[in-house]
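Structure record follows, encoded as structure tokens.
Rule-based calculations on the coordinates, nothing more; no lab input. A quick note: this is a predicted structure, and the numbers were derived from the prediction, not measured. Backbone-built Cβ (ideal geometry, glycine too); neighbour counts: all protein chains shown.
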Amino acid sequence: MIKAWLASRERLNQAIDHAFLTLWKIIFNFLTETGAVIIFFIESIRLIFVKPYRFDEIIKHIEFVGNKSILIIVLTGAFTGMAMSYQIYLGFNLVNATNLVGPTVALGITRELGPVLTGLIVSARAGGAMAARIGTMRVSEQIDALEVMGLDPKQYLVSPRILAAFISMPLLCGVFDFVAMTGAYVLCVKLLGLDEAIFWDKIQLWLNPRDINEGLIKSAAFGLIFASICTYRGYNTKGGAKGVGEATNTGVVYSMVMIIIMNFFMTNVIRFYYKVMGIK
């Protein structure tokens, strides 16, 4: 009986050691990948300011990331604004505070939902395409051909995409905010019968320009995050067509996770900055 107890204890210790080892490997791999992406991002940003400047590539990718994402941003923004305003209306109606539906929706959209949902949507659409395109070029040896021709692949393929995402994301976030508030207005005023003057007056009273700027700053950072991660995964693709699919999938998933994580930290950092600077 003692031998059986000692054997079970030994198996338990082995299981615990294996669990801690697995957790350590996950953390180590995450930190290693994060460091590699940061180095990749810094190198790519530096190449933006090195001649020859790729203005044509930047404009092309701004059109791809921004203009081709407008429709899905408009659809998502409209229904997000209506759904959010309706749920808030139902809650505030219980305590007879429906006049605060407008500013509550406005603050939630501009500070949090606008930049986060814009980042998630565009990272899924444009980020996945970035990873797939660059990954295909890697496995088909087109990137090697660019190096043989004397072109820097990062300057030609990566830097314009990162800059385009940085420029396009605040614009898309602004469109999302506008459409979401329009949807909230239509639902609250035209369908639920709230007073239009009170709706807009409360928004003007409680919504400050810094709230809108907070969302735009976040969206620009999210553009850098998903573009860096997706281009990194595509640039380092291995294993043929299967590797391209894996790079696209991991790039999009990691981008979404990092956007949600960084949103939390950026919110607290921005709030701490406002507190230190005495901004109310």
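Just a few scattered comments:
- Correct option for mean projected area of the Cα convex hull in nm² [calculated from the coordinates] among (i) 16.9; (ii) 22.9; (iii) 16.0: (ii)
- Virtual paramagnetic centre 7 Å along Cα→Cβ of residue 96, amide N under 15 Å, in segment 190-211: none
- The chain: most fluctuating residue of 114, 174, 193 per GNM, C-alpha cutoff 10 Å: 193
- In this Cβ point-charge picture (+1 for Lys and Arg, -1 for Asp and Glu), the chain has a dipole of about 500 debye about its Cα centre.
- Pairwise FRET efficiency - residue 273 versus residue 50, Cβ, R0 = 45 Å, nearest 0.05: 0.90
- Mean residue ellipticity at 222 nm, helices only, the chain: -27000 deg cm²/dmol; runs of at least 4 DSSP H residues each add -39,500 (n - 2.57), and the sum is divided by the number of residues.
- Euclidean distance of C-alpha centroids, segment 42-109 and segment 235-280, integer Å: 16 Å
- Taking a span of 27 Å or more along the helix axis (Cα atoms) and a mean Kyte-Doolittle hydropathy of at least 1.0 as the rule, the DSSP H helices of the chain that qualify are 70-93, 159-185.
- Among 225, 39, 143, the largest mean-square fluctuation in a Gaussian network model of the chain, built with springs joining Cα atoms closer than 10 Å, belongs to 39.
- For the chain: relative contact order, % (alpha-carbon pairs under 8 angstrom, 6 or more apart): 29 percent
- Of the residues 188, 230, 173, the one that moves most in a GNM of the chain with alpha-carbon contacts below 10 Å is 188.
- Between the C-alpha center of segment 191-208 and that of segment 110-133 there is a gap of 30 Å.
- Difference of contour (0.36 nm per residue) and Cα-Cα distance, residue 30 to residue 260: 81.2 nm
- Long-range lysine pairs (8 or more apart or interchain), the chain, Cα under 23 Å: 12
- Order of 136, 22, 237, 80 - criterion: other Cβ atoms within 10 Å of each residue's Cβ, fewest first: 22, 136, 80, 237
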